[in-house]
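Have a look at this one before I ask anything.
Only the coordinates and a few stated rules stand behind these numbers; no lab work does. This structure is a prediction, so every number in the text was calculated from the model and none was measured. For neighbour counting, all protein chains shown are included, and Cβ atoms are generated from backbone atoms with ideal geometry for every residue, glycine included.
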Amino acid sequence: MGLQGSIAAIVTPFTPDGSEINEEELRAHVDRQIAAGVDGILACGGTGEFTALSEAERRRVVEISVSQAAGRVPVVANTSGLSTGEAIRHTLHAKSVGADAVMVATPFYDVPDFESTREYYRLVALATDLPVMLYHFPPGTHMRLSPEQMVQLADENPTVQYVKDSSQEPFILSKLVTEYRDRIGLFIGEEVLIPTAILLGAKGLVSGAFNFVTPAYAEMIKAGRAGDDARVVAIWRELLPFTMCVASLPYVAACKAMVEILGHEVGPVRSPGARLTPQQRRDLEQHARALNPAYLA
């Protein structure tokens, strides 16, 4: 099952005190995302607070996401690790429970150079026949790859087929979709660049915003595929004030707050993740109320 379109980087629901995964709500949230029209689920991404999960919890979130999706949409498991061995362990587990692909970022404490990065991806890719999505997130990993280096990694490792680019660099987006679209599939992970990605024909989007505005982005993707650029821009103009509000806040906390505003209890952000102040929550609610209700789900 190939990857394309909208992939929801789902939140990980916790119990009210944040101590345990709320498995029932996680299953319900996967169902809601699919009903809202996403083309895929990303489990244990940044929006899913994977750095705050134990290894056993990460595995459980992937298991539940795969079983609940039940083949209706592909499930991508974020199997990034602080070491090559950790990334391989998570990747092997994702394969064993039926994930359709894995997303792998470079280690984010001891930052590798490019030669070490090549070896990291080579060993992870050798461990599985699942499609691998590079996760390019320099603000978080402090490792910047050029478009040429991304393509090199794909050329050297046949299972490396996609990249989620969250570099916030329009140049990288433009280069990948204009010069290298046949060598690696681009998924944009930076929300302010979503309309540009759609208009230029990127493979798709991976976003935490799909937790609550899936209908809007799904309509943008549909319009882009139909060549209706004016519709893409019109929807984006409606979304932009809300999107900028979300971007100005602690991101995971804003995503979880929006899911709760829509009536679903997904629990707090785990410590030490930043939470919203009461004023920030009120600002978010105000921007959400200004949106077309049909855009929220």
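For the stretch 243-268, name all the residues that are closer than 17 Å to Arg32 by Cα, of a type outside the set (Gly, Ala, Ser) and surrounded by fewer than 18 Cβ atoms within 10 Å (Cβ to Cβ).
Across the stretch 243-268, the qualifying residues are Glu260, Ile261, Leu262, His264, Glu265.
Please go through the stretch 161-192 and pick out each residue that is closer than 23 Å to Thr128 by Cβ and aliphatic (A, V, I, L, M).
Val163, Ile184, Leu186 - these are the residues of the stretch 161-192 that are closer than 23 Å to Thr128 by Cβ and aliphatic (A, V, I, L, M).
Hey, could you check the stretch 1-17 for residues that are crowded, with 16+ Cβ neighbours inside 10 Å and among the small types (Gly, Ala, Ser) and say which is nearest to the chain's Cα centre (by Cα)?
Result: Ala9.
Starting from the stretch 194-208, keep only residues that are more than 17 Å from Ala226 (Cβ to Cβ) and free of Cβ contacts under 8 Å to residues at least 24 places away in the same chain, then list their pairs with residues that are of a type in the set (Lys, Arg) and outside any strand (DSSP E or B) whose Cβ atoms are within a distance under 8 Å, requiring at least 6 positions of separation or different chains.
none
Out of the stretch 270-297, which residues are touching a strand residue (DSSP E or B) at 6+ places or on another chain (Cβ under 9 Å) and closer than 15 Å to Asn211 by Cα?
Correct list: empty.
Is it the case, given these coordinates, that Val233 is closer than 27 Å to Ala77 by Cα and either under 21 Å from the mean Cα position of the chain (by Cα) or surrounded by fewer than 22 Cβ atoms within 10 Å (Cβ to Cβ) (or both)?
Values: closer than 27 Å to Ala77 by Cα: no; either under 21 Å from the mean Cα position of the chain (by Cα) or surrounded by fewer than 22 Cβ atoms within 10 Å (Cβ to Cβ) (or both): yes.
Criteria not met by Val233.
Turning to a different aspect of this structure: Which helices (runs of 4 or more DSSP H) does the stretch 166-241 wholly contain that include 1 or more residues that are within 30 Å of Thr141 (Cα to Cα) and touching a Phe, Trp or Tyr at 6+ places or on another chain (Cβ under 8 Å)?
Fully inside the stretch 166-241 and qualifying: 194-200, 210-225.
Here is a further query. For the stretch 273-297, which residues satisfy the criterion of being within 21 Å of the chain's Cα centre (by Cα) and farther than 25 Å from Trp236 by Cβ?
Gly273, Ala274, Arg275
How about the stretch 262-297: which of its residues are assigned to a helix (DSSP H, G or I) and touching a helix residue (DSSP H, G or I) at 6+ places or on another chain (Cβ under 7 Å)?
Keep residues of the stretch 262-297 that are assigned to a helix (DSSP H, G or I), which gives 278-289, 293-295.
Across the stretch 262-297, the qualifying residues are Arg281, Asp283, Leu284, Glu285, His287, Ala288, Ala294, Tyr295.
Residues are listed down the side, and each one gets a yes or a no for (1) of a type in the set (Gly, Ala, Ser); (2) touching an Asp or Glu at 6+ places or on another chain (Cβ under 9 Å); (3) without any contact (Cβ under 8 Å) to a residue 12 or more places away in the chain; (4) closer than 24 Å to Phe212 by Cβ:
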residue: Gln4; (1), (2), (3), (4): no, yes, no, yes
residue: Glu20; (1), (2), (3), (4): no, yes, yes, yes
residue: Leu26; (1), (2), (3), (4): no, no, no, yes
residue: Ala35; (1), (2), (3), (4): yes, no, no, yes
residue: Gly45; (1), (2), (3), (4): yes, no, no, yes
residue: Arg60; (1), (2), (3), (4): no, yes, no, yes
residue: Ser80; (1), (2), (3), (4): yes, yes, no, no
residue: Thr91; (1), (2), (3), (4): no, no, no, no
residue: Val97; (1), (2), (3), (4): no, yes, no, no
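One line per residue, one yes/no per condition, for (1) farther than 21 Å from Val66 by Cβ; (2) touching a residue at least 24 places away in the same chain (Cβ under 8 Å); (3) touching a Phe, Trp or Tyr at 6+ places or on another chain (Cβ under 9 Å):
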site: Ala94; (1), (2), (3): no, yes, no
site: Thr106; (1), (2), (3): yes, yes, yes
site: Asp113; (1), (2), (3): yes, no, no
site: Leu123; (1), (2), (3): yes, yes, no
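Restricted to the stretch 1-51, and to residues that are in a loop (DSSP other than H, G, I, E, B) and small (Gly, Ala, Ser), which residue is nearest to His93 (Cα to Cα)? First the steps, then the outcome.
In the first step, residues of the stretch 1-51 are kept if they are in a loop (DSSP other than H, G, I, E, B); the result is 1-4, 10-13, 15-20, 22, 37-39, 44-49.
From the residues that got through so far, the ones that are small (Gly, Ala, Ser) too are 2, 18-19, 37, 45-46, 48.
Details: Gly2: 20, Gly18: 25, Ser19: 23, Gly37: 27, Gly45: 16, Gly46: 19, Gly48: 18 Å.
Out of the qualifying residues, it is Gly45.
So, in the stretch 120-160, how many residues would count as being under 17 Å from Ser80 (Cβ atoms) and either crowded, with 18+ Cβ neighbours inside 10 Å or touching a Leu at 6+ places or on another chain (Cβ under 9 Å) (or both)?
Selection size over the stretch 120-160: 24.
Taking into account only those residues within the stretch 242-253 that are hydroxyl-bearing (Ser, Thr, Tyr) and not in a loop (DSSP other than H, G, I, E, B), which is farthest from the chain's Cα centre (by Cα)?
Thr243
Condition check: among the aliphatic types (A, V, I, L, M), touching a helix residue (DSSP H, G or I) at 6+ places or on another chain (Cβ under 6 Å), over 25 Å from Tyr120 (Cα atoms) and crowded, with 24+ Cβ neighbours inside 10 Å. Does Ile188 satisfy that?
It is false that Ile188 is among the aliphatic types (A, V, I, L, M), touching a helix residue (DSSP H, G or I) at 6+ places or on another chain (Cβ under 6 Å), over 25 Å from Tyr120 (Cα atoms) and crowded, with 24+ Cβ neighbours inside 10 Å.
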